[in-house]
Amino acid sequence: MAVRARSEGLVASDVDRALDERRLIITWVNRGTLHLIRSEDYPLLQSLTTPQLWTSCRTRLRQTGVGDRADRGVEVVARALEDGPRTRAELRDALDSADVPTAGQALVHILFYASLQGICIRGPMKGKEHAFVSARDWLAPVMGPGWTPERTSPQFVSEGVHPGPSREASLKELAHRYLIAHGPATDADLARWAGLPLRDARAGLSAISRRTVDRGDGLLDLRNREEPAPLPEPMLLGAFDPLLLGWASREAVIGPHKGLVTNNGIFRPFALVKGRAVATWRLPKGRVEIEDLEKVTKKAAGRLKADAAAVEAFLSN
């Protein structure tokens with residue numbers, strides 16, 4: 001749905017095709033949540049945004065009963081992926097056979113742990129599921145001969161086993177690209193979006209200071225930016241849309257409608273009119289149902305109805 005809102009002429013199967021063709025992947029980066037990203041962006045985001053996730057991941061592995069068997073679980077996942085894409089169910093079977101706990105949330109956290117180590121990512125579709133693949137094998141044709149994922153565990157980071165571009169250069173690149181999409185923004189916005197310590201966000205922005213201009217109140221933007229595009233026509237956005245995840249505060253978009261983001265971290269699909277959330281929607285039996293949060297004009301309501309039909313067409317193709 002995020003792709004639909006930011007493109008023209010594409011349908012859901014085009015996204016699936018891009019996954020099959022290695023142009024897009026899905027993996028845990030930025031705040032430890034699943035992201036759909038370009039394959040060539042994986043090294044940058046993997047190296048910068050996953051090291052700080054290790055402590056919480058190890059804690060969750062202990063809490064779910066995996067404990068000391070976590071490293072064995074990663075080895076099992078790596079071996080299973082040597083023979084090609086595997087679904088979550090297939091990886092569960094392999095782990096069960098190796099006596100590695102998978103009940104409850106244990107399986108998810110083992111796969112998360114393996115992804116932090118650069119072992120696996122979600123690649124192609126296998127039936128209606130996103131299959132897991134070896135990050136090294138799947139992305140080698142994209143990255144070039146000899147490429148291997150960077151190991152981001154604390155010991156590898158401290159030992160500099162896979163130096164690659166310097167962390168300073170990577171932070172500079174990330175800060176620049178963040179402002180392209182999100183400026184004007186603050187250092188806290190970048191830190192929140194990427195899941196970085198504030199000191200890293202500041203270091204990245206400082207490194208591009210000659211390219212930025214201070215808009216006041218801590219807001220930085222790129223110099224000589226083109227005038228912003230007009231606000232989009234009324235449209236439906238999906239759950240976890242990047243519009244609600246790009247800055248530290250989402251107040252400007254959701255206003256009084258705090259229920260769009262639940263206490264347990266679920267971001268609901270919503271309708272956007274003049275840059276503000278005005279409704280939620282759902283898709284029972286493939287048909288869009290809109291639930292108003294506030295009144296809109298007849299013209300806006302008509303455009304949302306038309307976009308609902310477009311959503312149904314996008315998802316059915």
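Of all residues in segment 73-82 being part of a helix (DSSP H, G or I) and touching a residue at least 40 places away in the same chain (Cβ under 8 Å), which is surrounded by the fewest Cβ atoms within 10 Å (Cβ to Cβ)? Across segment 73-82, the extreme among qualifying residues is A78.
Selection of segment 216-237 for residues being surrounded by 13 or more Cβ atoms within 10 Å (Cβ to Cβ) and among the hydrophobic types (A, V, I, L, M, F, W, C) yields L219, L220, L222, M235, L236, L237. The residue that is surrounded by the fewest Cβ atoms within 10 Å (Cβ to Cβ), counting only those in segment 204-215 that are in contact (Cβ under 8 Å) with a residue 12 or more places away in the chain and either in contact with an Asp or Glu (Cβ under 7 Å, 6 or more places away or on another chain) or in the same structural domain as L245 (by TED's automatic domain parsing) (or both), is R215. Residues in segment 238-270 that are at negative phi and in contact with a Phe, Trp or Tyr (Cβ under 6 Å, 6 or more places away or on another chain): A239, L244, G246, L260, V261, F267, P269. Within segment 1-18, residues that are in contact (Cβ under 8 Å) with a residue 40 or more places away in the chain sit with their Cβ atoms under 7 Å from residues that are surrounded by 15 or more Cβ atoms within 10 Å (Cβ to Cβ) and among the basic types (K, R), at 6+ positions apart or across chains, in these pairs: L10/R4. Against the criterion of being under 29 Å from S13 (Cβ atoms) and either out of contact with any His (no Cβ under 7 Å at 6 or more places or on another chain) or in contact (Cβ under 8 Å) with a residue 12 or more places away in the chain (or both), H130 qualifies.
Of all residues in segment 277-300, those that are assigned by TED's automatic domain parsing to the domain that holds P242 have Cβ atoms under 7 Å from Cβ atoms of residues that are surrounded by fewer than 12 Cβ atoms within 10 Å (Cβ to Cβ) and in a helix (DSSP H, G or I), 6 or more apart or on another chain, in G286/S316. Across segment 104-116, the qualifying residues are those that are surrounded by fewer than 20 Cβ atoms within 10 Å (Cβ to Cβ) and touching a residue at least 40 places away in the same chain (Cβ under 8 Å), and the one among them that is nearest to R62 (Cα to Cα) is Q105. In the set (1) surrounded by fewer than 17 Cβ atoms within 10 Å (Cβ to Cβ); (2) under 25 Å from the mean Cα position of the chain (by Cα), the condition left unmet by E294 is number (2). Here T102 passes the criteria (1) of a type in the set (S, T, Y); (2) in a loop (DSSP other than H, G, I, E, B); (3) touching a strand residue (DSSP E or B) at 6+ places or on another chain (Cβ under 6 Å) except the one numbered (3).
From (1) modelled with pLDDT of 95 or more; (2) crowded, with 19+ Cβ neighbours inside 10 Å, pick out the condition that doesn't hold for A89. Failed condition: (2). When residues in segment 35-72 are screened for being in contact with a strand residue (DSSP E or B) (Cβ under 8 Å, 6 or more places away or on another chain), of a type outside the set (D, E, K, R) and surrounded by fewer than 17 Cβ atoms within 10 Å (Cβ to Cβ), 1 of them pass. Entry remark, segment 98-136: residues being in contact with a Ser or Thr (Cβ under 8 Å, 6 or more places away or on another chain) and aromatic (F, W, Y) number 1 in total. From the list R192, R211, the lone residue that is of a type in the set (D, E, K, R), within 16 Å of Q52 (Cβ to Cβ) and modelled with pLDDT of 95 or more is R192. The residues of segment 264-276 that are without any contact (Cβ under 8 Å) to a residue 60 or more places away in the chain and within 20 Å of the chain's Cα centre (by Cα), listed by number, are N264, G265, I266, F267, R268, F270.
Out of R69, R136, R122, one residue alone is outside any helix (DSSP H, G or I) and not aliphatic (A, V, I, L, M). It is R122.
The values are calculated or read from the model by the stated rules, or taken from the named source; none is laboratory data. In this text, all values refer to a predicted model and were calculated from it rather than measured experimentally. FYI the Cβ positions are ideal-geometry reconstructions off the backbone, even for glycines, and counts take in every protein chain you see.
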